[in-house]
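Report on one structure; see the data block that follows.
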Amino acid sequence: MTERHVLFVNLRRIKREGLESLLAARRLGHRVILLGRSLPEFARPLVHEFRQVDTYDRDASIAAAREIHVEYNLIGVANFTEVDVQLVAAIAADLGLPGMPAVAALRARNKYVMKDALRHLEGVLPRFARVTDLAELRAAVEEVGLPAVVKPTGASGSKGIFELRSPADLDVAMAELTRIARPDFDPVFRQFGAEFIVEEFLEGDELSVEGFVSGGEVHIVTLTDKVTSVPFHLELEHKVPSALPAGAWAEIGATTKDIVGALAFDNCAFHLEAKWGERGLRFIEIAGRPAGDYIASHLVPAATGVDYFENVVRVATGEPLRLEHDRRLEAGLRFVLADRPGRFEGLHGLAGLGEDPGFDHVFTEVPVGTEVALPPENFGQQRVAAVIARHTGRPGLDALLGRVTDEITAGLAPAAGPAE
Ligand SMILES: Nc1ncnc2c1ncn2[C@@H]1O[C@H](COP(=O)(O)OP(=O)(O)OP(=O)(O)O)[C@@H](O)[C@H]1O
Ligand SMILES: [Mg+2]
């Protein structure tokens with residue numbers, strides 16, 4: 001049998017998600033060629049060949065992909081990460097493989113370009129404006145009003161989400177944003193840099209829509225309910241499927257199709273974030289990749305039986321999707337937070353949870369020994385661990401997730417002080 005080769009561009013930073021993406025390709029019988037900045041240790045046995053390239057360098061990456069294609073006759077190119085959406089679209093177009101149109105990939109990556117392309121959707125978008133400095137922010141807030149949110153146009157992972165509740169907040173937010181929106185703070189800022197979007201603050205229950213678009217047809221797999229932290233909007237809890245009523249599901253599904261179509265997304269997974277409130281669905285953003293936070297890798301499969309990552313590979317290779325649900329369960333995840341800065345020494349209280357079969361997984365998010373800092377100093381360390389649970393119904397799932405918060409704590413030693 002001739003071997004089929006699929007190109008992955010980078011892996012998700014969370015090891016378990018990266019591992020699951022490689023296992024999905026293996027289940028489909030494909031070999032993975034990995035193009036990326038580095039080859040993590042866990043990936044070695046599952047990667048047929050690794051080509052190192054600085055994937056922020058578009059031309060070098062496309063040149064490397066061409067060479068790989070000559071050698072392996074690739075059947076598709078897939079991404080699981082946010083920063084690689086445009087590169088993967090460009091490689092797919094260059095090699096004649098299924099992919100997202102370039103214009104859609106730009107809309108997926110830039111929160112301002114995205115909203116600009118959706119202006120015609122009456123009542124769905126917040127008021128919004130593009131700003132690059134304090135003077136522009138002040139002028140924009142005159143139109144957008146308070147409360148508002150200001151955030152980078154091209155980041156992800158809730159890096160730099162600032163609520164504006166009073167005029168005094170504008171200076172503080174812009175000072176912080178200017179400090180962090182630099183490539184040396186996080187390479188995600190290499191592309192759009194110090195460009196921000198200010199938006200009307202949306203009220204309501206936060207949710208996401210997990211789906212695919214293939215050959216122009218939009219498929220909704222499920223909806224996720226989520227809880228985010230105050231004030232920095234770190235995601236704290238996810239539950240699949242959403243407990244919203246059928247009418248809400250129908251409206252959210254219809255609006256999602258309008259949004260995906262208007263943005264010209266195609267041949268990709270998507271993850272749309274929104275709020276549901278008195279005024280129905282209000283749109284936050286949509287990504288051209290599967291959801292993170294173990295939603296696509298663990299929660300959706302556990303609750304529905306749909307193998308989300310396998311379908312990411314299928315959509316990238318132009319194979320028919322397999323989205324039949326084979327079960328109706330509830331799956332959820334709650335993060336364990338560091339309540340203060342300090343050196344992470346591990347989790348306390350796990351023994352009790354281990355005896356309950358409703359708990360599925362415990363993942364540490366930062367290595368033991370990490371000097372944990374909290375936002376706005378660092379946006380990636382406060383969530384030190386994640387616990388996943390399953391149940392047949394929502395009350396049972398809520399009880400399990402409640403125990404995570406009640407019983408599990410992060411061991412934190414005081415941060416080492418400066419040497420005397
Ligand atoms: N206009 C808004 N009104 C209310 N809340 C908002 C608004 N924009 C963003 N948020 C909050 O901030 C969170 C992160 O915003 P957004 O999704 O735009 O940034 P992100 O960096 O892509 O985050 P992530 O990668 O975690 O999804 C949202 O999930 C939401 O809780
Ligand atoms: Mg988001």
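Return the residue satisfying two criteria in turn: it lies in the stretch 160-169 and is more than 24 Å from the chain's Cα centre (by Cα) and among the small types (Gly, Ala, Ser), and of such residues it is nearest to ligand 2 (Cβ to nearest atom). By that ranking, first place goes to Ser166. For Val313, the test of being within 17 Å of Thr222 (Cβ to Cβ), hydrophobic (A, V, I, L, M, F, W, C) and surrounded by 18 or more Cβ atoms within 10 Å (Cβ to Cβ) is failed. Of all residues in the stretch 165-181, none satisfies the criterion of being closer than 15 Å to Arg130 by Cβ and either polar (S, T, N, Q) or within 9 Å of ligand 1 (Cβ to nearest atom) (or both).
The rows are residues; the columns are (1) touching a strand residue (DSSP E or B) at 6+ places or on another chain (Cβ under 8 Å); (2) of a type in the set (A, V, I, L, M).
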residue: Val83; (1), (2): no, yes
residue: Leu87; (1), (2): yes, yes
residue: Gly99; (1), (2): yes, no
residue: Ala105; (1), (2): no, yes
residue: Asn110; (1), (2): no, no
residue: Val113; (1), (2): no, yes
residue: Arg119; (1), (2): no, no
residue: Leu125; (1), (2): yes, yes
residue: Val131; (1), (2): yes, yes
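When the stretch 22-72 is filtered for residues that are among the basic types (Lys, Arg) and either out of contact with any Ser or Thr (no Cβ under 7 Å at 6 or more places or on another chain) or over 18 Å from Ala90 (Cβ atoms) (or both), the ones remaining, listed by number, are Arg26, Arg27, Arg31, Arg44, Arg51, Arg58, Arg66.
Lys226 falls short on exactly one of the conditions (1) more than 26 Å from Asp307 (Cβ to Cβ); (2) within 11 Å of ligand 1 (Cβ to nearest atom); (3) among the charged types (D, E, K, R), and that condition is (1).
Specify the residue that is nearest to ligand 1 (Cβ to nearest atom); the eligible residues are those in the stretch 199-208 that are surrounded by fewer than 16 Cβ atoms within 10 Å (Cβ to Cβ) and of a type in the set (Asp, Glu). That would be Glu203.
When residues in the stretch 275-310 are screened for being part of a loop (DSSP other than H, G, I, E, B), at positive phi and away from ligand 2 (no atom under 16 Å from the Cβ), 1 of them pass. Annotation note: Cβ proximity below 7 Å between a residue of the stretch 392-408 that is under 13 Å from Val240 (Cβ atoms) and a residue that is open to solvent by 60 Å² or more (accessible area, probe 1.4 Å) (sequence gap 6+ or interchain) occurs for Arg394/Ala243; Leu397/His391.
Which numbered condition trips up Ala243, out of (1) buried (at least 16 other Cβ atoms within 10 Å of the Cβ); (2) in contact with a strand residue (DSSP E or B) (Cβ under 8 Å, 6 or more places away or on another chain)? Only one criterion is unmet by Ala243, namely (1). How many of the residues making up the stretch 215-237 are in a strand (DSSP E or B) and either within 15 Å of ligand 2 (Cβ to nearest atom) or open to solvent by less than 40 Å² (accessible area, probe 1.4 Å) (or both)? Of the residues in the stretch 215-237, 12 are in a strand (DSSP E or B) and either within 15 Å of ligand 2 (Cβ to nearest atom) or open to solvent by less than 40 Å² (accessible area, probe 1.4 Å) (or both).
Residues that are open to solvent by 30 Å² or more (accessible area, probe 1.4 Å) and part of a strand (DSSP E or B) were ranked within the stretch 371-398; the one that is nearest to His361 (Cα to Cα) is Arg390.
Within the stretch 260-274, the set of residues being more than 16 Å from ligand 1 (Cβ to nearest atom) and assigned to a strand (DSSP E or B) comprises just one member, Cys268.
Filter the stretch 252-274 for residues that are under 16 Å from the mean Cα position of the chain (by Cα) and either away from ligand 2 (no atom under 15 Å from the Cβ) or basic (Lys, Arg) (or both) and give the result.
Answer for the stretch 252-274, where residues must be under 16 Å from the mean Cα position of the chain (by Cα) and either away from ligand 2 (no atom under 15 Å from the Cβ) or basic (Lys, Arg) (or both): just Cys268.
When Gly157, Gly211 are checked against the criterion of being in contact (Cβ under 8 Å) with a residue 40 or more places away in the chain, open to solvent by 50 Å² or more (accessible area, probe 1.4 Å), within 16 Å of ligand 2 (Cβ to nearest atom) and not in a helix (DSSP H, G or I), a single residue qualifies: Gly157.
In the set Phe189, Phe185, Phe162, Phe196, only one residue is within 15 Å of ligand 1 (Cβ to nearest atom), open to solvent by 30 Å² or more (accessible area, probe 1.4 Å) and not assigned by TED's automatic domain parsing to the domain that holds Arg58; that residue is Phe185.
Among all residues of the stretch 95-102, there is at least one that is closer than 24 Å to Leu11 by Cβ and not in a loop (DSSP other than H, G, I, E, B).
Out of all the residues in the stretch 316-328, which are outside any helix (DSSP H, G or I) and open to solvent by less than 50 Å² (accessible area, probe 1.4 Å)? Passing the criteria: Leu321, Leu323.
Yes/no matrix, rows are residues, columns are (1) more than 30 Å from Ala194 (Cα to Cα); (2) of a type in the set (Lys, Arg); (3) more than 25 Å from the chain's Cα centre (by Cα):
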residue: Ser38; (1), (2), (3): no, no, no
residue: Ile62; (1), (2), (3): no, no, no
residue: His69; (1), (2), (3): yes, no, yes
residue: Val88; (1), (2), (3): no, no, no
residue: His120; (1), (2), (3): no, no, yes
residue: Ala129; (1), (2), (3): no, no, no
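When residues in the stretch 130-154 are screened for being within 16 Å of ligand 2 (Cβ to nearest atom) and of a type in the set (Lys, Arg), 1 of them pass.
The values are calculated or read from the model by the stated rules, or taken from the named source; none is laboratory data. Note that the structure is predicted; figures quoted are calculated from it, not measured. Backbone-built Cβ (ideal geometry, glycine too); neighbour counts: all protein chains shown. With ligands, DNA and RNA removed, areas are computed over all heavy atoms of the protein, side chains included. Shrake-Rupley method; radii C 1.70, N 1.55, O 1.52, S 1.80 Å.
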